[in-house]
1. Can A:Arg20 be described as at negative phi and free of Cβ contacts under 8 Å to residues at least 24 places away in the same chain?
2. Considering every residue within segment A:74-87, establish whether at least one is away from chain B (no Cβ under 11 Å), charged (D, E, K, R) and farther than 21 Å from B:Pro7 by Cβ.
3. Of everything in segment A:111-133, what is closer than 21 Å to A:Gly40 by Cα, surrounded by fewer than 20 Cβ atoms within 10 Å (Cβ to Cβ) and modelled with pLDDT under 95? Give them in sequence order.
4. Take segment A:1-34 and flag every residue that is over 21 Å from B:Phe81 (Cα atoms), more than 9 Å from chain B (Cβ to nearest Cβ) and either in contact with a Leu (Cβ under 7 Å, 6 or more places away or on another chain) or buried (at least 23 other Cβ atoms within 10 Å of the Cβ) (or both).
5. Where residues in segment A:35-58 are among the small types (Gly, Ala, Ser) and within 27 Å of B:Ser65 (Cβ to Cβ), which of them is surrounded by the most Cβ atoms within 10 Å (Cβ to Cβ)?
6. So which of B:Leu67, B:Leu53, B:Leu121 ends up being at the interface with chain A (Cβ under 9 Å from one of its Cβ atoms), touching an Asp or Glu at 6+ places or on another chain (Cβ under 6 Å), within 25 Å of A:Ile31 (Cα to Cα) and of a type outside the set (D, E, K, R)?
7. If you check B:Pro46 against the conditions, is it out of contact with any helix residue (DSSP H, G or I) (no Cβ under 7 Å at 6 or more places or on another chain) and in a loop (DSSP other than H, G, I, E, B)?
Protein chains: 2
Amino acid sequence: MKIEMTPIGVFHTKTTDIPRHWSVSDVVGTIEIDEMYGPGLKDIAPGEKIVVLFNFHKSKKFDPSFLNQTPPHRQKPMGVFSICSPYRPNPIGLSVLEVLAVDKNIITVKHADMLDGTPILDIKPHITGTSNCPSCPEDARGD
Amino acid sequence: MKIEMTPIGVFHTKTTDIPRHWSVSDVVGTIEIDEMYGPGLKDIAPGEKIVVLFNFHKSKKFDPSFLNQTPPHRQKPMGVFSICSPYRPNPIGLSVLEVLAVDKNIITVKHADMLDGTPILDIKPHITGTSNCPSCPEDARGD
């Protein structure tokens, strides 16, 4: 079974020294969403966090040697599903980014850990519990 | 540009009444990972939270009428990138689940909002900041 995805846009940044993870990144860049999807950005506002799913487009093809990998700063190998390595069975990355500005189909973001040219697959709200879940009934909102 | 994904496993549950979102779900089920990927689960432990990416395999094909959708419990349409609707340009779902048990290639999870038979694309650690980020230098861990 194969599932086919088509990027909804691309990430741009002038920074070439990209940190390994969004939680330690101050990199600023822009997510350029295809114009056809622009109306879907109408409720994204500066100051909020978004979850960005993207394609690790520069990653090597996965093989069993990547099932356990030793992250930088660690001394022993860890299972691929417990780390954020770009070498994974499906090369999907996830970043939690802060929105600095939205202008039509362009979102300026901070804390990026994506390379310039990274294909974007999806943007989702950053939900931490029922209190900020748009799909939850009001009487469940309280965490 | 097309990006091809292959499921790494499948979700099983006996529950048929699946809540719309993990934050309001107590549904228990199992993620059966293909045996070839089993060694990649070695650092997933009961009690921890994992991020599960999956394919909304029952969703209708996206068309522009889905750019703005009114979620249940809401009174006005919202942009697709600010809600968790299964109708999105790339039908990828994201759930934050609690691990109850791990047995070889089977993970028992709670708080599921996936249908029985849902194809699983990836499992990632649930990272909330530098303190639990396996890719971050130790001197950055403190949030």
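The values are calculated or read from the model by the stated rules, or taken from the named source; none is laboratory data. No experiment lies behind these values; they were computed from the predicted model shown. Every residue, glycine among them, receives a Cβ derived from its backbone with ideal geometry; neighbour counts consider all protein chains shown.
1. no
2. No, that holds for no residue.
3. A:His126, A:Asn132 - these are the residues of segment A:111-133 that are closer than 21 Å to A:Gly40 by Cα, surrounded by fewer than 20 Cβ atoms within 10 Å (Cβ to Cβ) and modelled with pLDDT under 95.
4. A:Ile18
5. The residue in question is A:Gly40.
6. So the residue among B:Leu67, B:Leu53, B:Leu121 that is at the interface with chain A (Cβ under 9 Å from one of its Cβ atoms), touching an Asp or Glu at 6+ places or on another chain (Cβ under 6 Å), within 25 Å of A:Ile31 (Cα to Cα) and of a type outside the set (D, E, K, R) is B:Leu53.
7. Yes: the conditions hold for B:Pro46.
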